[in-house]
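The block underneath contains the structure these notes are about, expressed in structure tokens.
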Amino acid sequence: MKDKSKIFIVASVLLFIILATGVNLGITLDSELWIYNFVVRYMSPGLTNVLKVITNLGSAIPIIIFCVVLFIIPKSRKTIAFPVSITLIVSTILNSILKNLFLRERPNILRLVQESSYSFPSGHSMSSAALYTILILVTLKYIENNYKRNILCVFFACMPIIIGLSRIYLGVHYAGDVLGGWLLGSSVAVLVYSLWYKEEKYKLKYK
């Protein structure tokens, strides 16, 4: 694993631990409520409908469909299907463990969609950060055209941000839940990517 990857993962995990401590002690609550009030300042029926569609892109069914498509396409099956799927599986399992460890209740505010699980960290934010981070990494690895690569990377970078903000807007997560999901999701992606392609290089070297 490269030093940059190690630094990123360690820094993300440390920031998550600091955030989780603040969340547990209730230190972050005032800031989180301020962020919620800021995000919903321009709430409208039209915006709500748009964000309800966007937020579903971070849910299980679209992500599963995406992974199935990757396995169906021969070229992606041989290159990115496995690391992307492993990233999402690890992210989902870790999120479930952490939700049941922290047991944080969802915000007691206007909820525009219904959710039943615990709040911290946000599953949608964590899954989307994991998915789009590893897509950025494989894009940088496999796409040589600078224009296409830059467009895709910007798009992939924006998606988890929009999905995370939609969770705050819809009243089902605090900002700390979303930030925690981003931190861990992206670190899982970097870890899996580093280990997967290190193993691939090892196989090619000794094949």
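What about Ile80, is it within 29 Å of Tyr197 (Cβ to Cβ) and of a type in the set (A, V, I, L, M, F, W, C)?
yes
Considering Val172, Val192, which residue is touching a residue at least 60 places away in the same chain (Cβ under 8 Å) and within 20 Å of Ile64 (Cβ to Cβ)?
Only one candidate qualifies: Val192.
Output yes when any residue across segment 52-63 is assigned to a helix (DSSP H, G or I) and touching a Pro at 6+ places or on another chain (Cβ under 7 Å), and no when none is.
Yes, some residue in segment 52-63 is assigned to a helix (DSSP H, G or I) and touching a Pro at 6+ places or on another chain (Cβ under 7 Å).
Would you check if Ser59 is within 16 Å of Gly164 (Cα to Cα) and of a type outside the set (Val, Ile, Thr)?
Judged against the criteria, Ser59 is a match.
For Ile35, are the conditions met, namely being touching a Ser or Thr at 6+ places or on another chain (Cβ under 6 Å), assigned to a helix (DSSP H, G or I) and modelled with pLDDT of 90 or more?
In short, no.
Assess whether Ser125 counts as being touching a residue at least 60 places away in the same chain (Cβ under 8 Å) and under 16 Å from Asn56 (Cβ atoms).
Spelling it out, Ser125 is indeed touching a residue at least 60 places away in the same chain (Cβ under 8 Å) and under 16 Å from Asn56 (Cβ atoms).
Exactly one of these conditions fails for Tyr197: (1) surrounded by fewer than 23 Cβ atoms within 10 Å (Cβ to Cβ); (2) closer than 29 Å to Ser31 by Cβ; (3) aromatic (Phe, Trp, Tyr). Give me its number.
Result: Tyr197 fails condition (2) only.
Answer yes if at least one residue in segment 53-63 is more than 15 Å from the chain's Cα centre (by Cα) and at pLDDT 90 or above, and no otherwise.
yes
Take segment 19-70 and flag every residue that is without any contact (Cβ under 8 Å) to a residue 12 or more places away in the chain and of a type in the set (Phe, Trp, Tyr).
Trp34, Phe38, Tyr42
Cβ-Cβ distance below 6 Å, separation of 6 or more or different chains: which pairs start in segment 98-121 with a residue that is closer than 17 Å to Thr55 by Cβ and end on one that is surrounded by 14 or more Cβ atoms within 10 Å (Cβ to Cβ) and hydroxyl-bearing (Ser, Thr, Tyr)?
Final answer for the pair search is Arg106/Ser119; Pro107/Tyr174; Leu112/Thr48.
Given the condition in contact (Cβ under 8 Å) with a residue 60 or more places away in the chain, touching a Gly at 6+ places or on another chain (Cβ under 6 Å) and buried (at least 19 other Cβ atoms within 10 Å of the Cβ), answer yes or no: does some residue in segment 152-162 qualify?
No, there is no match, as no residue in segment 152-162 is in contact (Cβ under 8 Å) with a residue 60 or more places away in the chain, touching a Gly at 6+ places or on another chain (Cβ under 6 Å) and buried (at least 19 other Cβ atoms within 10 Å of the Cβ).
Which condition number in (1) surrounded by 11 or more Cβ atoms within 10 Å (Cβ to Cβ); (2) within 17 Å of Pro121 (Cα to Cα) is the one that Val10 fails?
If we test Val10 against (1) surrounded by 11 or more Cβ atoms within 10 Å (Cβ to Cβ); (2) within 17 Å of Pro121 (Cα to Cα), just (2) comes out false.
The rows are residues; the columns are (1) touching a His at 6+ places or on another chain (Cβ under 9 Å); (2) over 18 Å from Val40 (Cα atoms).
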| site | (1), (2) |
| --- | --- |
| Ile109 | no, no |
| Asn146 | no, yes |
| Leu152 | no, yes |
| Arg167 | yes, no |
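Name the residues in segment 51-103 that are aliphatic (A, V, I, L, M), more than 30 Å from Leu25 (Cβ to Cβ) and surrounded by fewer than 15 Cβ atoms within 10 Å (Cβ to Cβ), would you?
Val53, Ala60, Ile61, Ile64, Ile65, Val68, Val69, Ile72, Ile73, Ile89
Could you give every pair whose Cβ atoms fall below 7 Å, whose first residue belongs to segment 131-144 and is closer than 19 Å to Leu57 by Cβ, and whose second residue is of a type in the set (Gly, Ala, Ser) and crowded, with 21+ Cβ neighbours inside 10 Å, counting only separations of at least 6 or pairs across chains?
Thr133/Gly185; Thr133/Ser186; Thr133/Ala189; Ile134/Ala189
Within segment 129-142, does at least one residue satisfy the condition of being of a type in the set (Ser, Thr, Tyr), out of contact with any Ser or Thr (no Cβ under 7 Å at 6 or more places or on another chain) and modelled with pLDDT of 95 or more?
Within segment 129-142 (the criterion being of a type in the set (Ser, Thr, Tyr), out of contact with any Ser or Thr (no Cβ under 7 Å at 6 or more places or on another chain) and modelled with pLDDT of 95 or more), the answer is yes, since at least one residue qualifies.
The values are calculated or read from the model by the stated rules, or taken from the named source; none is laboratory data. Given the structure is predicted, the values throughout are model-derived calculations rather than measurements. Backbone-built Cβ (ideal geometry, glycine too); neighbour counts: all protein chains shown.
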